[in-house]
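Some notes on the structure that comes next.
The values are calculated or read from the model by the stated rules, or taken from the named source; none is laboratory data. For clarity, every value in this text was computed on a predicted model and none was experimentally measured. Positions of Cβ are backbone-derived with ideal geometry, glycine not excepted, and every protein chain shown enters the neighbour counts. The area values use the complete protein model at the heavy-atom level, side chains included, leaving out ligands, DNA and RNA. Shrake-Rupley method; radii C 1.70, N 1.55, O 1.52, S 1.80 Å.
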Amino acid sequence: MIVQKFGGIAMKDKESRQICIHHIKEGLAKYKSVIVVVSAMGRLGDPYSTDTLIQLTDAFQLAPESKDVAAICGELLSSSVLYAECLKEQIPCQLAYGVQAGIYTDDRFGDATIIKTSTKAIEELLQHIPCVIVPGFQGITTDHRFTTLGRGGSDLTAILLASLFKANAVEFYKDVPGVMSSDPKSSTNVQKLSHVSYEKLQHLCETAKHPLIQKKAVDMAAKHHVPLHIRPFGSSEEGTWINSTIH
């Protein structure tokens, strides 16, 4: 079992999603079962990105629940598109969202806290098909209202599912080769690190302007000893491994 996380750039258009499908096929060949977690398509300015959706009206500032419902539409659309395209590529798969995803939260809209989980629906799906696609970033309250898990919350979704299903690792596909020794924008002598500790990644998340992974997600990975693999999106090369054996 592997969990694969694809962000907005990976999901932005049909060409990039074909690369996602290639990685899914690789994951299935190696691990037999794959849970795929996706972000909304693209970034601010793209029609279905989260930032675009939550700026549709300034009234959202007065209605946090309404804002969350709008925000989750990006991941729902992204997951449904990838699901259809995987089926077209003859990958047996199924969507799991809302109650099926089994992620229950409090009602602090915009930055909800996970209070309980259920693996039943996804476990049942995996008994029949090898690939389950889950929209990231979202949970539901116990009375079934949608919530979001904070900025970068799809990372938290991926690591939570990996912990629940005892996955070998979470693969994060990024537009970088992996974790770098320093910021490539401010330094010329930069190398990709093959391994880093959870503590190192936590520090980078606290200090970087644009963290590679959500800080809460890295904290959860460290707590539950979930191995992470930050990989370059456009190739099958090894990236950077993050786990508890590195000091």
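Just one of (1) open to solvent by 10 Å² or more (accessible area, probe 1.4 Å); (2) among the aliphatic types (A, V, I, L, M); (3) in a loop (DSSP other than H, G, I, E, B); (4) touching a helix residue (DSSP H, G or I) at 6+ places or on another chain (Cβ under 7 Å) trips up residue 222, so point out which.
(3)
In the range 31-55, what residues are closer than 19 Å to residue 161 by Cα and either open to solvent by less than 10 Å² (accessible area, probe 1.4 Å) or part of a helix (DSSP H, G or I) (or both)?
31, 34, 35, 36, 37, 38, 40
Any residue that is buried (at least 19 other Cβ atoms within 10 Å of the Cβ), within 17 Å of the chain's Cα centre (by Cα) and more than 19 Å from residue 34 (Cα to Cα) - is there at least one of those in the range 152-164?
Yes - at least one qualifying residue is present in the range 152-164.
Looking at the range 126-146 only, could you name the residues that are open to solvent by 30 Å² or more (accessible area, probe 1.4 Å) and over 23 Å from residue 87 (Cα atoms)?
Result: 142, 143, 144, 145, 146.
So in the range 181-219, with the set limited to residues that are open to solvent by 50 Å² or more (accessible area, probe 1.4 Å) and hydroxyl-bearing (Ser, Thr, Tyr), which one is modelled with the lowest pLDDT?
In this case the residue turns out to be 186.
When residues of the range 176-199 are filtered for being in contact (Cβ under 8 Å) with a residue 24 or more places away in the chain and in a helix (DSSP H, G or I), how many remain?
Count: 1.
Condition (residue is more than 24 Å from residue 159 (Cα to Cα), part of a loop (DSSP other than H, G, I, E, B), touching a Gly at 6+ places or on another chain (Cβ under 9 Å) and open to solvent by 20 Å² or more (accessible area, probe 1.4 Å)) applied to the range 12-29: is it met by at least one residue?
Yes.
Quick grid of which residues meet (1) of a type in the set (A, V, I, L, M); (2) within 16 Å of the chain's Cα centre (by Cα):
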{"site": "169", "(1), (2)": "yes, yes"}
{"site": "179", "(1), (2)": "yes, no"}
{"site": "201", "(1), (2)": "yes, no"}
{"site": "208", "(1), (2)": "yes, no"}
{"site": "211", "(1), (2)": "no, yes"}
{"site": "236", "(1), (2)": "no, no"}
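Applying the selection to the range 73-125, what residues are open to solvent by 50 Å² or more (accessible area, probe 1.4 Å), part of a strand (DSSP E or B) and touching a Ser or Thr at 6+ places or on another chain (Cβ under 7 Å)?
The answer is 115, and nothing else.
Only one of (1) surrounded by fewer than 19 Cβ atoms within 10 Å (Cβ to Cβ); (2) of a type in the set (Asp, Glu); (3) modelled with pLDDT of 95 or more fails for residue 171. Which number is that?
Unmet for residue 171, out of (1) surrounded by fewer than 19 Cβ atoms within 10 Å (Cβ to Cβ); (2) of a type in the set (Asp, Glu); (3) modelled with pLDDT of 95 or more: (1).
Show the residue pairs that are 6+ apart or on different chains and have beta-carbon atoms under 7 Å apart, the first residue being within the range 146-170 and in contact (Cβ under 8 Å) with a residue 24 or more places away in the chain, the second being open to solvent by 10 Å² or more (accessible area, probe 1.4 Å) and small (Gly, Ala, Ser).
As it stands, the answer is 148/110; 154/39, since those pairs meet every condition given.
With the structure loaded, tell me whether residue 173 is aromatic (Phe, Trp, Tyr), closer than 17 Å to residue 201 by Cβ and either in contact (Cβ under 8 Å) with a residue 40 or more places away in the chain or out of contact with any Lys or Arg (no Cβ under 7 Å at 6 or more places or on another chain) (or both) or whether it fails that test.
Against the criterion (aromatic (Phe, Trp, Tyr), closer than 17 Å to residue 201 by Cβ and either in contact (Cβ under 8 Å) with a residue 40 or more places away in the chain or out of contact with any Lys or Arg (no Cβ under 7 Å at 6 or more places or on another chain) (or both)), residue 173 qualifies.
Does residue 69 satisfy being part of a helix (DSSP H, G or I), farther than 17 Å from residue 171 by Cα, touching a residue at least 40 places away in the same chain (Cβ under 8 Å) and touching a Lys or Arg at 6+ places or on another chain (Cβ under 8 Å)?
no
Out of the range 56-72, which residues are open to solvent by 20 Å² or more (accessible area, probe 1.4 Å) and not polar (S, T, N, Q)?
Matches in the range 56-72: 56, 58, 59, 60, 62, 63, 64, 65, 67, 69.
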